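Here the structure comes first, spelled out in structure tokens, and everything after it is commentary.
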């Protein structure tokens, strides 16, 4: 699944709505926030990487990795009618793709976005 432009959160009001009314879980490399909204036509995502995370090329790499992870696991979401915000933390620049993916899946399971891993 490709993440088309229409799935991007672009308005400040959407970010603040997710921040105030939604749930979030923090991990070592990222914070995942979400808010279910049945009025949405599809999943709306945002990736936040501040200057604290690293230089511009590192922030771009993190965003590309987070987009790829979200794209790979979007079909596993229990309810795709929601806002989803991934905020990179300081150590994310040094993390590998596999570490970021493991962290994303862990936080998504904690938020009950995807089914728990079967043993």
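Per-structure values
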quantity	calculated
Breaking point among (1) touching a helix residue (DSSP H, G or I) at 6+ places or on another chain (Cβ under 9 Å); (2) more than 22 Å from residue 111 (Cα to Cα); (3) part of a loop (DSSP other than H, G, I, E, B), for residue 41	(2)
Conditions (1) without any contact (Cβ under 8 Å) to a residue 24 or more places away in the chain; (2) part of a loop (DSSP other than H, G, I, E, B): number failed by residue 20	(2)
Residue check for residue 71: touching a residue at least 60 places away in the same chain (Cβ under 8 Å), surrounded by fewer than 16 Cβ atoms within 10 Å (Cβ to Cβ) and under 25 Å from residue 12 (Cβ atoms)	yes
Residue satisfying all of: in the range 20-35; exposed (fewer than 15 other Cβ atoms within 10 Å of the Cβ) and touching a strand residue (DSSP E or B) at 6+ places or on another chain (Cβ under 7 Å); nearest to residue 66 (Cα to Cα) among these	23
Complete set of residues in the range 66-78 that are under 15 Å from residue 33 (Cβ atoms) and assigned to a loop (DSSP other than H, G, I, E, B)	77
Extreme residue, farthest from residue 14 (Cα to Cα), among residues of the range 51-65 that are in a helix (DSSP H, G or I) and touching a helix residue (DSSP H, G or I) at 6+ places or on another chain (Cβ under 7 Å)	58
Residues being in contact with a strand residue (DSSP E or B) (Cβ under 8 Å, 6 or more places away or on another chain), part of a loop (DSSP other than H, G, I, E, B) and surrounded by fewer than 16 Cβ atoms within 10 Å (Cβ to Cβ) - total across the range 81-110	1
Considering residues of the range 39-49 that are at pLDDT below 90 and touching a strand residue (DSSP E or B) at 6+ places or on another chain (Cβ under 9 Å) only, the residue farthest from residue 98 (Cα to Cα)	40
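Here is a yes/no grid of residues against (1) at pLDDT 90 or above; (2) surrounded by fewer than 14 Cβ atoms within 10 Å (Cβ to Cβ); (3) within 24 Å of residue 115 (Cα to Cα); (4) touching a strand residue (DSSP E or B) at 6+ places or on another chain (Cβ under 9 Å):
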site: 6; (1), (2), (3), (4): no, yes, no, yes
site: 57; (1), (2), (3), (4): yes, yes, no, no
site: 60; (1), (2), (3), (4): yes, yes, no, no
site: 75; (1), (2), (3), (4): no, yes, yes, no
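The values are calculated or read from the model by the stated rules, or taken from the named source; none is laboratory data. Since the model is a prediction, treat every value here as computed from it, not as a measurement. Here the Cβ is made from the backbone with ideal geometry for all residues, glycine too, and neighbour counts use every protein chain on show.
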